[in-house]
Amino acid sequence: MYDDLSIEHFMKGLIKRNPHETEFHQAVREVAESVIPYIIENPRYRQAGIIQRMTEPDRTIIFRVVWEDDEGNIRVNRGFRVQFNNSIGPYKGGLRFDPSVTLSVLKFLAFEQTFKNSLTGLPIGSGKGGSDFNPKGKSDQEVMRFCQSFMTELFHHIGPHTDIPAGDIGVGNREISYMFGQYKRLAHEFTGVLTGKSLEYGGSHIRSEATGYGNAYFMQEMLKHHNESMEGKVCAVSGAGNVALHCARKINALGGKVVTLSDSSGFIYDPEGINEEKLDYVTELKTVKRGRISEYADRYDCDYYPDKRPWSVDCDLAFPCATQNELDVKDAKALIKNGCMAISEGANMPTTVDAMHRLQDAGVIFGPGKAANAGGVAISGLEMSQNSMRLSWSAEEVENRLKIIMRDIHDKCVEHGRDGDRVDYVKGANIAGFIKVADAMLAYGVS
């Protein structure tokens, strides 16, 4: 069985089973390019069909979400939960509320989560969920009614030892709070079934900062391994949301200079550097005023480029922190031409496969998202631990644990991705993440 395990033959079968799911196909191909050669060298994984099993979700749940808007109109959305793999722990992964949510997007995110969660070293499996509901422009009451309806159905499929969702795009503290309250009413118990909660009822310090901080720490580890540092480096950051802003803050703290931020309308370029005062302004602009990044350019008299991404500016380091496939081959060529030496992905799959290959071939140090942005789920895992033990660690203690986790992830990538004097961080992350999950699946037998 599985005599032909070439990448193309494997992908042909996967695409046939999952038609039109282009994001999922892309995520699997990126992993398959590293993992299939390793499987061929280790026949026990091949004989057990591990890669075939690992690319099929344990289950996919799709449900209707009915809610009432402020005008009394009945609205209908679609809800999802993809429980991908629980070989090393209960399903764990975010909920995304955004019109772009499709089954393909959630399957790609849940599949990536399998490797990301494995790399953290914590006992957590992988999942992802959400809805095509758009919280933007909705009142608090409308968001509450939607979240309560969403949780009324999701309630049947999650639990502190089964599946522990978290936040993602469109799901912040407000949405988590409404869903946790509804779960508590339905279950008649207070358990840590969601992460990303407020500190007042079981949340963890620096959870909102963790993905951005972790991304900067991962870059720091890559630079250190190559006898470099963040000090004085010019940094291009995309996005202006939670991950991008906290990544920018940590870059500043580590001695770098952030010169770009972006949103869906375009990007700003501030060669003087986006310092803490300016980041405070962007935080208020995006979270309170719901404004556009172009307003920054008006306030601080810098350049604004509508309908463009920030990868054309001169920079030493790049941090794509916005969304998937925001960095393509044209952007990769621009970064290489302008002297970019390293990239650390803060978003999930923000670089196309062809662009990733182009950057690696040019010698750019490339930190893939499943390793570089694992800080968020790592702190979610620590929140689960704190909930189980009925205690709360200090912000300093949690951040120290985050630093250690990101350092350990980096070291695993080096161990499995070393190729002479260079490190293939993509290969290292994929193989290190694969081994732990695959060995657990082997131990369970055929299941």
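Take Gly121 and decide whether it is of a type in the set (Gly, Ala, Ser), in a loop (DSSP other than H, G, I, E, B), more than 15 Å from the chain's Cα centre (by Cα) and at pLDDT 95 or above.
Yes: the conditions hold for Gly121.
If we only count strands (runs of 3 or more DSSP E) wholly inside the stretch 291-371, which ones have 3 or more residues that are under 21 Å from the mean Cα position of the chain (by Cα) and at pLDDT 95 or above?
Strands (runs of 3 or more DSSP E) meeting the threshold: 317-319, 342-344, 365-367.
Kindly check whether there is at least one residue in the stretch 362-384 that is aliphatic (A, V, I, L, M), without any contact (Cβ under 8 Å) to a residue 12 or more places away in the chain and not assigned by TED's automatic domain parsing to the domain that holds Gly127.
Checking the stretch 362-384: not a single residue is aliphatic (A, V, I, L, M), without any contact (Cβ under 8 Å) to a residue 12 or more places away in the chain and not assigned by TED's automatic domain parsing to the domain that holds Gly127.
Any residue at all in the stretch 219-238 that is more than 23 Å from the chain's Cα centre (by Cα) and either surrounded by 24 or more Cβ atoms within 10 Å (Cβ to Cβ) or part of a helix (DSSP H, G or I) (or both)?
Looking through the stretch 219-238, at least one residue is more than 23 Å from the chain's Cα centre (by Cα) and either surrounded by 24 or more Cβ atoms within 10 Å (Cβ to Cβ) or part of a helix (DSSP H, G or I) (or both).
Rundown of residues vs (1) polar (S, T, N, Q); (2) under 21 Å from Asn173 (Cα atoms), yes/no style:
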site	(1), (2)
Ile39	no, no
Thr60	yes, no
Arg64	no, no
Leu122	no, no
Ser139	yes, yes
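Please count how many residues of the stretch 58-103 are among the hydroxyl-bearing types (Ser, Thr, Tyr), surrounded by fewer than 18 Cβ atoms within 10 Å (Cβ to Cβ) and closer than 30 Å to Ala438 by Cα.
1
If a residue has to be of a type in the set (Gly, Ala, Ser) and in contact with a helix residue (DSSP H, G or I) (Cβ under 9 Å, 6 or more places away or on another chain) to count, how many in the stretch 38-58 make the cut?
Qualifying residue count, the stretch 38-58: 1.
Quickly run through the stretch 167-206 and pick out the residues that are in the same structural domain as Asp98 (by TED's automatic domain parsing), among the charged types (D, E, K, R) and either crowded, with 24+ Cβ neighbours inside 10 Å or closer than 26 Å to Gly346 by Cα (or both).
Asp168, Arg174, Glu175
For the structure I just gave you, tell me whether Val282 is farther than 19 Å from Thr323 by Cβ and assigned by TED's automatic domain parsing to the domain that holds Phe319.
Judged against the criteria, Val282 is not a match.
Which one of the conditions (1) modelled with pLDDT of 95 or more; (2) crowded, with 18+ Cβ neighbours inside 10 Å; (3) assigned to a helix (DSSP H, G or I) does Lys286 fail to meet, given that it meets all the rest?
(1)
Could you tell me whether Ala395 is outside the structural domain of Ile169 (by TED's automatic domain parsing), among the hydrophobic types (A, V, I, L, M, F, W, C) and in contact (Cβ under 8 Å) with a residue 60 or more places away in the chain?
yes
Looking only at residues in the stretch 25-57 that are of a type in the set (S, T, N, Q) and within 19 Å of Leu103 (Cβ to Cβ), which one is surrounded by the most Cβ atoms within 10 Å (Cβ to Cβ)?
Once the filter is applied, the top-ranked residue is Thr55.
The values are calculated or read from the model by the stated rules, or taken from the named source; none is laboratory data. Only a predicted model underlies this, so the values are computations on that prediction, with no experimental measurement involved. Backbone-built Cβ (ideal geometry, glycine too); neighbour counts: all protein chains shown.
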